[in-house]
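This report concerns only the one structure given below.
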Amino acid sequence: MKHVNLRLPDDLHEQARAAAEADDRSLNSWLVSLVRRAVADGERRSVQEA
């Protein structure tokens, strides 16, 4: 597993933390799920454009 340092503006960090809490996840788990979804969506778009 890789570690990534991510710098977020304070307001965005608070919004992300609140969204993760509302989803009953840690902030890290919530961010991982968003990155997975974004990658999958990008792959689907690439296949559709081909």
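Laid out as a table, the results:
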read-out: Filter result (basic (Lys, Arg) and touching a Leu at 6+ places or on another chain (Cβ under 7 Å)) within segment 1-25; value: Arg17
read-out: Considering residues of segment 2-50 that are aliphatic (A, V, I, L, M) and more than 13 Å from the chain's Cα centre (by Cα) only, the residue surrounded by the most Cβ atoms within 10 Å (Cβ to Cβ); value: Ala18
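Rule-based calculations on the coordinates, nothing more; no lab input. Owing to the predicted nature of the structure, the values given are computational and were not obtained by experimental measurement. No Cβ is skipped: glycine too gets one built from the backbone with ideal geometry, and neighbour counts run over all protein chains shown.
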